[in-house]
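Structure first, then comments.
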Amino acid sequence: MTFLSPIPIETLSLAPELLAVAGGHFKKHGLDVTLQPAKGTSQAMQAVLSGVAPVSRLGQIDVMTALTTTKQPLVNIATPFRTSAVRFVYSKRKHPVEKPEDLVGRTMGVPSEGGNSDKVVSLVMAAAGLDPKECERQVVGLTPGTFNLVQRGRIAGYVVSVDTANVLKAQEPDAGVFDPSKYAKSDAQVYATSKDALEKQADGLRAFLAAIQDAMAAMVADQYFGETIAQLRGAYSFATLDDDQIARASLTMLREGWTGGDPSRPLLVTEKAAWAAGYRELADAGMLDGGRDPAPWFDNSLLPTS
């Protein structure tokens, strides 16, 4: 099975998938899974719809936009992240970004025009009653080195993964971090498949989700992530994983996103009320058409029952 990721593989944002490989969880459930990066959300989504890959992890914003605007036959089969997995990084000295109003008249760096990160910026603005057009966007790299553009005042900040944000906080005393989930409640992440794959590849998808749940449960139980980090390093090596402090800080923040702050909540389950609230938020922000019932757009039936 191929899992197509819209973001590079070398990030702890993909810790559930990485540990499912490194910790043998996919193998335990009879799967040989290849983690393959795509060139952004659009390519990952099209690969799922065309049958190239049966599953990808996509933003709730992108999935709902595709379902309402182009009526693509996508289905959300699980919600691994209940809150945003990205952060806005800014310069505390040059121009702090501590609230949506601080983005007015400024330029934010995003990895791609019209992508999920771009939409998160818009959603943060709209949630505060601001016009998203009052904040311009510029396509930039996602690396810590891009922070130089922030310090020079070329951009007010840029959207990065949780682990990149932690690298910058450790390396740059001037770096501040803004959590968009305080304003954008619909920036969850889901495992999406096509209606065709849901029908024809149900067994494989069921095994995939069981392995992911096992990996996530192991990390939730691993309080200080000692075993988790050791297993991940047995198969992977990249900057944020290889630094103990950064890895633990990032995994702690990510675990909060998986559980929504409540470790007793069932992992991966898409909660009907939260899913509907996310749709209303996007509709109220004018980012998609309202007046529809989003319940048929998700299906929890492939999740492990215990």
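Can you give the relative contact order of the chain as a percent, counting alpha carbon pairs under 8 Å and 6+ residues apart?
29 percent
Going from the alpha-carbon gyration tensor of the stretch 86-182, what semi-axes, largest first and in whole Å, does one get by taking the root of 5 times each eigenvalue?
Semi-axes (√(5λ), whole Å): 19, 13, 12.
Just tell me which lysines come within less than 23 Å, Cα to Cα, of K133; anything on the same chain fewer than 8 places away is out.
Correct list for K133: K94, K99, K119, K182, K185.
Stokes-Einstein diffusion coefficient for the chain at 20 °C in a medium of 1.002 mPa s, Rh from the Kirkwood formula over Cα pairs: what value in µm²/s?
110 µm²/s
Students often check this: by mean Cβ neighbours within 10 Å, which of 139-150, 76-87 ranks highest, and how do the rest follow?
For the peptides 139-150, 76-87, the packing ranking is 76-87, 139-150.
For a quick check: with amide H placed at 1.01 Å from N, whose amide H comes under 5 Å from V55's, ignoring anything fewer than 5 positions away on the same chain?
Counting only residues 5 or more places away or on other chains, the set is L4.
Rounded to the nearest 500 deg cm²/dmol, what is the calculated helix-only ellipticity per residue at 222 nm for the chain, with -39500 (n - 2.57) per DSSP H run of length n ≥ 4?
Helices in the chain give a 222 nm mean residue ellipticity of -11500 deg cm²/dmol.
Considering only V124, V140, A175, whose Cα is most displaced toward the positive end of the charge dipole of the stretch 86-182, charges sitting on Cβ of Lys, Arg (+1) and Asp, Glu (-1)?
Farthest towards the positive end: A175.
Ordered by residue, what ³J(HN,Hα) values in Hz, to whole numbers, does the stretch 117-123 give under the Karplus form 6.51 cos²θ - 1.76 cosθ + 1.60, where θ = phi - 60° and Gly and Pro are x?
For the stretch 117-123, the Karplus curve yields 4, 4, 5, 5, 4, 4, 5 Hz.
HN-Hα J couplings of the stretch 49-60 from phi, Karplus 6.51/-1.76/1.60, θ = phi - 60°, integer Hz, Gly and Pro as x?
5, 8, x, 5, 9, x, 8, 8, 9, 10, x, 4
Fully extended, how many nm does the chain gain between R206 and R265 (0.36 nm per residue separation, minus their Cα-Cα distance)?
19.3 nm
Give me a comma-separated list of calculated 3J(HN,Hα) values for the stretch 150-158, in order, Karplus coefficients 6.51, -1.76, 1.60 applied at θ = phi - 60°, integers in Hz, x for any Gly or Pro.
Each residue of the stretch 150-158 in turn: 5, 5, 7, x, 6, 9, 6, x, 8 Hz.
Have a look at G59, V104, L232 and report the one farthest towards the positive end of the charge dipole of the chain, computed about the Cα centre with Cβ charges (Lys/Arg +1, Asp/Glu -1).
Among G59, V104, L232, the one farthest towards the positive end of the dipole of the chain is V104.
Determine the dipole magnitude for the chain: charges of +1 sit on the beta-carbon of Lys and Arg, -1 on that of Asp and Glu, nothing else is charged, the reference point is the Cα centre, and the result goes in debye to the nearest 20.
220 debye
Read-outs: derived from the displayed coordinates by stated rules, not from any lab. Because the structure is predicted, anything quoted here is derived from the model rather than measured. When we count neighbours, we look across all protein chains shown, and the Cβ atoms used for this are built from the backbone with ideal geometry, even at glycine.
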